[in-house]
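For reference, the structure is listed below as structure tokens.
The values are calculated or read from the model by the stated rules, or taken from the named source; none is laboratory data. Since the model is a prediction, treat every value here as computed from it, not as a measurement. Neighbour counts run over all protein chains shown; Cβ positions are idealised from the backbone, glycine included.
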Ligand code: AMP
Ligand code: MG
């Protein structure tokens, strides 16, 4: 049984369309996240999960909707995107009072589908499952994955692929682009209602109607999130405004991937020709996206437009400093530093310039073990100068702190591809093995720890699959 509530449909009429998911012809449960189901207080059999999380039958109390949203995609504004292949079944409230959306993705066409088929393939849905569960294991705010169910239907991409539905759990699916949808249509009342809903739901400590505090709070959460991504070498790949959650969770795992050899300009997405969403650009895009959110809130910030814009600009101007402080906190943690010294920022910056070409993840993991660290580097000269500075700064117990904060295992691109290729052929064993490894990221597990063999080549990821 799932006890649904529907605060979004209740509070925000006119922001969504009611539409049922497509039933799957032959649903087959590929993976079910039992710990997450238990945390949510769901009481599920595998048969329930297979039927409900494939869209084949609706759980009692579900009220499926497709949400409207807009978004800047690679800098260009699309006034109408919306859930083109997703159905929000409703919300659940956990035994300890937290509220989460349960959404199906890949569950069929909606009025927002445009030219799309409304479907998803097994590979990309398992990819979202794997990477979001790793993020959760690392304590990074993220949507979660409850299940992936193969539909028994083929979907056409470049070739015919087995289809699947992902059941996704999120604090909400309200995006920067949700605000943009209504602002662009001049529906100020809906922007306000959406802000009121988001404040009550995600920022309950704020005073109702304090939209400036709301903007500040979203800035704070998103800045912290991007700082965490940077610490993990995570490249989201498609930081369009429709993929930035107001809750501050990582959302919409599409062409995302983790960087192996450190290079600030790293891009994996096949369509990101300009490197707009390159690793080192993500903090700048953070500010750009938040400016788009701020624009939608201008009418709520002050009755005098000029003054409202001035207030918003003032807050936006502070993002870079705030992000830098969040990033420094992440780096202190990764470097095993205790307390704060003035020279920490320089120490962190200098490590980055010394480690170009070295594996991002293992460099941090092995900082306290020079013999293991050395072979990671194409050129160790700068490290020979940097390491003594780090050792002088770091207190006793650094090795233990390093091992407790820096993952040994991440979803390595070649391992993810290997698992997804096998799953596409019907063999889930590699996927389960990888999942087990990345759910305990601090445990050294040799086959999952090492960078891709040199033959793996340049890794390319794809959108909208
Ligand atoms: P994304 O790139 O996944 O963030 O999606 C951007 C927009 O395209 C959203 O409005 C999606 O709902 C829509 N979309 C992506 N894939 C499909 C699909 N296969 N069918 C219909 N809509 C899609
Ligand atoms: Mg999206």
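Summary of computed values
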read-out: Residue check, residue 217 away from ligand 2 (no atom under 16 Å from the Cβ), out of contact with any strand residue (DSSP E or B) (no Cβ under 9 Å at 6 or more places or on another chain) and either more than 21 Å from residue 98 (Cβ to Cβ) or not in a helix (DSSP H, G or I) (or both); value: no
read-out: Set 183, 167: member being buried (at least 21 other Cβ atoms within 10 Å of the Cβ), in contact with a helix residue (DSSP H, G or I) (Cβ under 6 Å, 6 or more places away or on another chain) and not in a loop (DSSP other than H, G, I, E, B); value: 183
read-out: Residues of segment 99-138 that turn out to be away from ligand 1 (no atom under 13 Å from the Cβ) and free of Cβ contacts under 8 Å to residues at least 12 places away in the same chain, as a count; value: 1
read-out: Out of 63, 43, sole residue that is more than 16 Å from ligand 1 (Cβ to nearest atom) and touching a strand residue (DSSP E or B) at 6+ places or on another chain (Cβ under 7 Å); value: 63
read-out: Counted residues, segment 420-464 - those being touching a strand residue (DSSP E or B) at 6+ places or on another chain (Cβ under 6 Å) and within 16 Å of ligand 2 (Cβ to nearest atom); value: 1
read-out: Selection within segment 99-111 - in a strand (DSSP E or B) and more than 15 Å from ligand 2 (Cβ to nearest atom); value: 99, 100, 102
read-out: Enumeration of residues in segment 249-275 that are part of a loop (DSSP other than H, G, I, E, B), within 16 Å of ligand 2 (Cβ to nearest atom) and either closer than 20 Å to residue 139 by Cβ or within 16 Å of the chain's Cα centre (by Cα) (or both); value: 249, 251, 252, 253, 254, 255, 256
read-out: Odd one out for residue 392 among (1) farther than 24 Å from residue 442 by Cβ; (2) crowded, with 21+ Cβ neighbours inside 10 Å; value: (2)
read-out: Within segment 33-62, tally of residues that are surrounded by fewer than 18 Cβ atoms within 10 Å (Cβ to Cβ) and in contact with a helix residue (DSSP H, G or I) (Cβ under 6 Å, 6 or more places away or on another chain); value: 1
read-out: Selected residue (only one of 329, 368, 345, 312 is without any contact (Cβ under 8 Å) to a residue 60 or more places away in the chain and assigned to a helix (DSSP H, G or I)); value: 345
read-out: Hey, residue 370 closer than 23 Å to residue 133 by Cα, modelled with pLDDT of 95 or more and out of contact with any strand residue (DSSP E or B) (no Cβ under 7 Å at 6 or more places or on another chain) or not; value: no
read-out: Options 63, 96; residue that is without any contact (Cβ under 8 Å) to a residue 12 or more places away in the chain and more than 16 Å from ligand 2 (Cβ to nearest atom); value: 96
read-out: Qualifying position, being surrounded by 15 or more Cβ atoms within 10 Å (Cβ to Cβ), over 20 Å from residue 70 (Cβ atoms), in contact with a helix residue (DSSP H, G or I) (Cβ under 7 Å, 6 or more places away or on another chain) and at pLDDT 95 or above, among 194, 206, 225; value: 206
read-out: Residues of segment 235-248 satisfying the condition of being within 11 Å of the chain's Cα centre (by Cα), near ligand 1 (Cβ under 10 Å from one of its atoms) and not in a loop (DSSP other than H, G, I, E, B); value: 243
read-out: Residues of segment 262-292 that turn out to be in contact with a strand residue (DSSP E or B) (Cβ under 9 Å, 6 or more places away or on another chain) and surrounded by fewer than 18 Cβ atoms within 10 Å (Cβ to Cβ), as a count; value: 2
read-out: Subset of segment 71-91 (residues that are within 21 Å of residue 237 (Cβ to Cβ), more than 9 Å from ligand 1 (Cβ to nearest atom) and part of a loop (DSSP other than H, G, I, E, B)); value: 74, 75
read-out: Those residues of segment 404-428 which are surrounded by fewer than 20 Cβ atoms within 10 Å (Cβ to Cβ) and assigned to a helix (DSSP H, G or I), in sequence order; value: 404, 405, 413, 414, 417, 418, 421, 422, 424
